Amino acid sequence: MTQEQNKERVLSGMRPTGALHLGHYVGVIKNWIELQKSYECFLFLADWHALTSNFDEIDMIKKSRIEYIRGWLASGIDVDKAIIYCQSAIPEILMLSQVFLCLTPPGWADRSPSWKDFQSNSNANNKLDNLGFYTYPILQAADIAIVRGNWVPVGEDQVPHVEIAREVIRKFNRLYKTNLPEPAPKLTATSKLAGIDGALKMSSSIGNVISLFEDEKSLQKKINKIKTDDKRQGVESPGDPNNCTVFSYHKVFSKAELCNEVDGLCRGAKLSCGECKSKLGKSMKEELLPISEKSRQISDKDCLEVLHEGNLKAGKIIKNEWNNLKEKIGF
Ligand code: TRP
Ligand code: SF4
């Protein structure tokens, strides 16, 4: 056996729905870069999943697919370590999903946190009122099962999705005498990045984002807009870093030493918010400008080629697995 075959598999996807921003980078991509060091990673564009909420914006999804690949590559996802592919390029995923749908009582899908949110939120996006969105976790279960995924990196709020996947896979295994692994959630240590407006999450639909591809000038401009401690009365009065979005960014992008320094100076009214933001700018530029510069050297054609290669690699593994499963099902 080669070493690759001994490694446990991680499976993770992102829905290509708009611009890639620092929320994606901090919450997902950085984590993938760590995981690719020790696991066999299957990283994919969940474009069928994108369709559940953006079925009337196909051009946007297609554009995002390329942007996401560009961002992944520029950030350091390594095609020699991870397999990058596109969900819709490999139809066998949907075939397994169809079988999974037949094994899933609606009650299980009802437990999906995203569906529950949609049901209980009277301001929810009406577009989500569709069976594709309702059965989102079942397709996700097929994504995982078809590559025999062992680990799924998720945030706390997504754990129920993995639990639904485990149950569907267990039922499938029992019924068809297969031995698909039951996947486990890998809780991510990386934090959620707040929006520049101080909202809990960065989100394109709110418009409080910093793109992964900002140049030096536009990055500093965005940083200058990040919300500070609104209770602080000016430079002369002490601020509270725990009530400050700028400081939450320091915690993500600045070294511990600088964070401590800023914390002390702010509480002691010895640092203006403007200076604090220039310090943050320095930390962020150090990490992010190499990425945006690299992204400008990656053409659309490069992205499509990488994706094509990955689709072939993943496709081979997935088609083979589907053939095995199909035989077991006897269909
Ligand atoms: N739910 C993920 C998201 O919202 C995308 C996704 C689809 C996924 N299938 C997956 C993630 C399987 C992990 C495993 O971005
Ligand atoms: Fe926030 Fe920095 Fe201003 Fe303190 S000095 S309130 S941490 S921006």
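The values are calculated or read from the model by the stated rules, or taken from the named source; none is laboratory data. Since this is a predicted model, take the numbers as computed values, not measurements. Here the Cβ positions follow ideal geometry from the backbone for every residue, glycine too, while neighbour counts run over all protein chains shown. In case anyone asks, the SASA skips ligands and DNA or RNA and just uses the protein heavy atoms, side chains included. Shrake-Rupley method; radii C 1.70, N 1.55, O 1.52, S 1.80 Å.
Of note:
- For the set C266, C273, solvent exposure ranked by accessible area (probe 1.4 Å, protein chains only) runs largest to smallest as C273, C266.
- Counted charge near R267, where neighbours are those whose Cβ lies closer than 12 Å (Asp, Glu -1; Lys, Arg +1): -2
- Selection from V147, N130, L187 lying farthest towards where the dipole of the range 76-201 points positive, charges on Cβ: V147
- Taking Lys and Arg as +1 and Asp and Glu as -1, the other residues whose beta-carbon sits under 11 Å from that of N243 total 0.
- Normalised radius of gyration (Cα atoms, divided by 2.2 N^0.38 Å) for the chain: 1.09.
- Neighbours of N179, meaning other residues whose beta-carbon lies under 13 angstrom from its beta-carbon, give a summed charge of +3 when Lys and Arg score +1 and Asp and Glu score -1.
- Evaluated at q = 0.19, 0.23 Å⁻¹, the base-10 log of the normalised Debye intensity for the range 216-294, with identical point scatterers placed on the Cα atoms, takes the values -0.74, -1.03.
- In the assembled protein chains, K313 presents an accessible area of approximately 100 Å² (probe radius 1.4 Å).
- Only Lys, Arg (+1) and Asp, Glu (-1) charged, at Cβ; the range 183-298 dipole about Cα centre in debye: 240 debye
- Helical runs assigned H by DSSP (4 residues or longer) give the chain a calculated mean residue ellipticity at 222 nm of -17000 deg cm²/dmol, each run adding -39500 (n - 2.57) before division by the residue total.
- Size of charge dipole - the range 1-133 - debye, nearest 20, with Cβ of Lys, Arg +1 and Asp, Glu -1, no other charges: 180 debye
- Given a 1.4 Å probe and the protein chains as shown, K7 ends up with an accessible area of around 60 Å².
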